[in-house]
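Student: Here it is: the structure, laid out below.
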Protein chains: 2
Amino acid sequence: MSDKIHPIAIVASEADLRKRLSNYPEPFAALMAGREKRPLGDIFGLTNFGVNLTQLSPNAVSALRHWHSKQDEFIYILSGYPTLITDEGETELCPGMCSGFRAASGNGHVLVNRTLDDVIYLEIGDRTTGDSVTYPDDDLQAALVEGGLQFLHKDGMPY
Amino acid sequence: MSDKIHPIAIVASEADLRKRLSNYPEPFAALMAGREKRPLGDIFGLTNFGVNLTQLSPNAVSALRHWHSKQDEFIYILSGYPTLITDEGETELCPGMCSGFRAASGNGHVLVNRTLDDVIYLEIGDRTTGDSVTYPDDDLQAALVEGGLQFLHKDGMPY
């Protein structure tokens with residue numbers, strides 16, 4: 001058990017923003033402008049999965065389109081009307097809708113905000129070790145190593 | 001990869017209800033009347049964690065007060081005003097609030113709906129193996145075995 005004192009409950013929208021805009025190397029990190037993440041699970045000492053309250057300003061995107069080899073992901077739309085892009089094409093989402101992205105699906109996903117209003121959603125992802133991430137549309141690959149994700153070009157060269 | 005076809009996205013409130021009211025043995029299962037769970041993560045083939053959209057009618061409770069040995073839990077309140085009970089006492093929650101219950105905290109938690117309106121929340125829990133559940137207020141203990149949770153009296157006698 002951790003000795004750290006955790007709050008009993010919080011107002012999610014008042015949680016601190018994640019300090020780093022993006023873990024991607026450039027030029028990809030700059031593409032994440034307009035995306036804000038508030039880590040929620042960490043506040044309570046959770047380690048098996050992460051929960052973020054994430055906001056996308058108009059034109060912002062959730063990530064590069066990607067899929068995980070071992071980790072599952074889930075999103076629940078709280079407000080706004082994002083567009084979900086997968087191999088099946090585009091799906092318009094609205095508040096109260098949810099989607100899940102299972103490990104090793106081979107089907108990349110990304111949310112884009114093409115509206116004039118902010119999009120706010122919950123995103124959950126587990127922290128299964130040995131994960132890797134495939135980005136079908138970009139010259140990027142990532143593998144989970146000690147200390148976080150290591151990003152490489154598709155030919156294996158480091159950024 | 002599973003051959004099963006999963007939807008791209010769904011309206012969470014239209015997901016099917018879990019058929020079984022409760023996994024608890026009696027007399028505890030009957031105490032879960034007024035609680036409805038809609039499993040969401042399973043619909044998308046997620047296996048590492050579960051997500052439910054759960055509704056508590058007036059006077060309903062989320063569970064017996066409990067804590068997990070290895071699994072983390074997280075809740076996000078979508079509507080209504082539940083009361084969270086932990087070792088610290090009672091905390092009134094409102095929409096937009098969240099809480100997390102880390103594994104091995106030793107601090108049992110439960111939500112109760114003392115209002116005249118329904119409470120709706122998202123609950124997330126991972127599926128780490130070897131989990132056990134402690135119920136500080138009841139003559140019950142549970143351990144995760146093949147096929148699900150096995151429930152015993154506190155003295156080890158089966159129900």
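Student: Let's test this: bin the Cα-Cα distances of chain A at 10 Å from zero up to the farthest pair and state each bin's percent.
Tutor: Whole-percent P(r) values from 0 Å outward: 10, 37, 38, 13, 1.
Student: Would you mind giving the mean number of other chain beta-carbons within 10 Å of the Cβ of each residue in A:72-84, as a whole number?
Tutor: Numbers: counts 10, 5, 10, 1, 8, 3, 5, 0, 0, 0, 0, 0, 2.
Mean partner shielding for this stretch: 3.
Student: For B:G41, list long-range residues whose amide hydrogen, built 1.01 Å from N in the peptide plane, is under 5 Å from its own amide hydrogen.
Tutor: B:V51
Student: Report the Stokes-Einstein translational diffusion coefficient (µm² s⁻¹, integer) for the protein assembly as shown, Rh taken as the Kirkwood radius over Cα pairs, at 10 °C with viscosity 1.306 mPa s. Provide the component values of the computation, followed by the final result.
Tutor: Values: Rh = 20.6 Å.
Here the translational diffusion coefficient equals 77 µm²/s.
Student: Sticking with this structure for a sec: What FRET efficiency would be calculated for the residue pair A:R114, B:R114, taking the C-beta separation as r and a Förster radius of 30 Å, to the nearest 0.05?
Tutor: Working: r = 42 Å, r/R0 = 1.41.
E(calc), rounded to 0.05, equals 0.10.
Student: Measure up A:K154/B:K4; A:K19/B:K70; A:K70/A:K154; B:K19/B:K70; A:K4/B:K154 against 21 Å on the Cα-Cα distance and list the ones that go over.
Tutor: The pairs that break the limit, which is 21 Å between Cα atoms, are A:K154/B:K4; A:K19/B:K70; B:K19/B:K70; A:K4/B:K154.
Student: Also: For the residue pair A:K154 and A:T129, what label-to-label distance in nm results when each label sits 7 Å from Cα along the Cα-to-beta-carbon direction?
Tutor: Between A:K154 and A:T129, the label points sit 3.1 nm apart.
Student: Okay, next question. Return P(r) of region A:109-159 (all Cα-Cα pairs; 10 Å bins starting at 0; whole %; ordered from short to long distances).
Tutor: 20, 38, 30, 12
Student: Using 1/(1 + (r/R0)^6) with R0 = 22 angstrom and r between the beta carbons of A:L31 and A:E146, what's the FRET efficiency to the nearest 0.05? Please list the in-between numbers first.
Tutor: Numbers: r = 27 Å, r/R0 = 1.21.
The formula returns an efficiency of 0.25 here.
Student: Given springs between every Cα pair under 10 Å in a Gaussian network model of chain B, which of B:I124, B:I75, B:I43 has the largest fluctuation?
Tutor: With Cα springs under 10 Å in chain B, the top fluctuation among B:I124, B:I75, B:I43 is at B:I43.
Student: Let me check against my output: what whole-number percent is the relative contact order of region B:1-108, with C-alpha pairs under 8 Å and at least 6 apart?
Tutor: Details: 156 pairs, mean separation 22.1, N = 108.
Worked out over region B:1-108, it gives 20 percent.
Student: Oh, and also: Using Cα centres only, tell me the gap between region A:47-89 and region A:109-159 in whole Å.
Tutor: 10
Student: Residues of region A:1-30 with the amide nitrogen closer than 20 Å to a label point 7 Å from the Cα of A:N59, along Cα-to-Cβ, please.
Tutor: So the set is A:21-22, A:26-30.
Student: Please turn the phi angles of region B:65-76 into ³J(HN,Hα) values with the Karplus equation 6.51 cos²θ - 1.76 cosθ + 1.60 (θ = phi - 60°), one per residue in order, whole Hz, x for glycine and proline.
Tutor: 4, 7, 9, 9, 7, 10, 9, 8, 9, 8, 10, 9
Student: Also, quick follow-up: Between A:E92 and the same site in the other copies, what are the distances in nm, shortest first, taking label points 7 Å from Cα along the C-beta direction?
Tutor: The answer, with the shortest distance listed first, is 4.0 nm.
Student: Given the options B:G100, B:G108, B:G147, which has the most mean-square fluctuation in a GNM of chain B, springs set between C-alpha atoms less than 10 angstrom apart?
Tutor: B:G147
Student: Across peptide B:90-103, how many C-beta atoms of other chains are within 10 Å of each residue C-beta, on average?
Tutor: Working: counts 1, 3, 1, 3, 2, 3, 7, 7, 13, 9, 14, 4, 10, 5.
Rounded to a whole number, the mean comes out at 6.
The numbers here are math on the coordinates, done by the rules we state, and not lab data. In this text the structure is predicted, and so the values were computed from the model without any measurement. Here the Cβ is made from the backbone with ideal geometry for all residues, glycine too, and neighbour counts use every protein chain on show.
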